[in-house]
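In what follows, a structure is listed as structure tokens, so that the remarks can point back to it.
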Amino acid sequence: MLPYTALNLKEKKRNNLKDFVNVAGPLGVTHFLILSNPKSLPHLRFAKSPQGPTFTFQIEEYALAADIANSQKRPRCPPGIFKNSPLVVLSGFSGLGNPFGSLVEYFQHMVPAVDPSTVQLSACQRILLLKYDKEKEVIDFRHYSIKLQPVGVSRRIRKLMQSNEVPDLRDLKDVSDYVTKAGYGSESEADDEAATVSLPSDVDKLNQASRKSAVRLQEIGPRMTMRLVKVEAGLCSGDVLYPWPVAKEALGKKGEVTEEAGEGQEETEDGSEDEMED
């Protein structure tokens, strides 16, 4: 979530949620991400300060950023990519009603908005992907770094242009041998036309507006698969908006919902949706 995080906040073991809410205003904190680890599965709460709502997720699967890096042959996570917020990409949420409508709004305002007409391409270096699986009813949380590579340029030449150091040419007769020698010129990766774009402006010395560049995404983690289990109207408090409340009178003797109860439940669902939209 860098760079807009409360890095200067010094917490103590005796602090509770109320203490953090009290200092949220002076520190400019607008969103809370609260991770808890109960006996069963860990939970992650997304809360809006100061009055909510709060979305509670059950984390069914996860992998740390270190796990992702250890599984890759060439992990890539330069510190400079955290100087700007990630681009939030939402997938699979279209056509869903509340509470997912409110959840989409929360995710959209979790990071500053991006104006395509004024944004600098060099500032777009990360993607935060939130994809909803309608069949499994879970959300996949993925975090990627964006890398641009000029089309038709070998890896050796890219490294030469990116670094300001003169390469060791003592064992070579000519500069051209540096490129044509076996093991150098053959290092260029295959270019995928589907991932090739024409840049509207210069990004760096390699990726310029006059050249085509290939866009590559590399996962940097963490990775999570989450299931929405609860929505509260306030900040970790207030009325429960999801799952839809069922009146006690609607339950039969064996705890089953009667036919009349089903109609009442539909009315409750509609009423809850109207209240959330207001």
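Structure notes:
- Of the residues making up segment 19-47, those that are of a type in the set (Lys, Arg) and exposed (fewer than 14 other Cβ atoms within 10 Å of the Cβ) number 1.
- Identity of the residue in segment 78-97, of a type outside the set (Gly, Ala, Ser) and open to solvent by 70 Å² or more (accessible area, probe 1.4 Å), that ends up modelled with the lowest pLDDT: PRO79
- Residues of segment 125-139 satisfying the condition of being assigned to a strand (DSSP E or B) and either of a type outside the set (Asp, Glu) or open to solvent by less than 40 Å² (accessible area, probe 1.4 Å) (or both): ARG126, ILE127, LEU128, LEU129, LEU130, LYS131, TYR132, VAL138, ILE139
- Any hit, segment 6-18, residues being surrounded by 16 or more Cβ atoms within 10 Å (Cβ to Cβ), within 22 Å of LEU241 (Cβ to Cβ) and touching a residue at least 60 places away in the same chain (Cβ under 8 Å): no
The values are calculated or read from the model by the stated rules, or taken from the named source; none is laboratory data. Since this is a predicted model, take the numbers as computed values, not measurements. Ideal geometry is used to build each Cβ from the backbone, glycine not excepted, and the neighbour counts take in all protein chains shown. Keep in mind that these areas ignore ligands, DNA and RNA; they rest on the heavy atoms of the full protein, side chains included. Shrake-Rupley method; radii C 1.70, N 1.55, O 1.52, S 1.80 Å.
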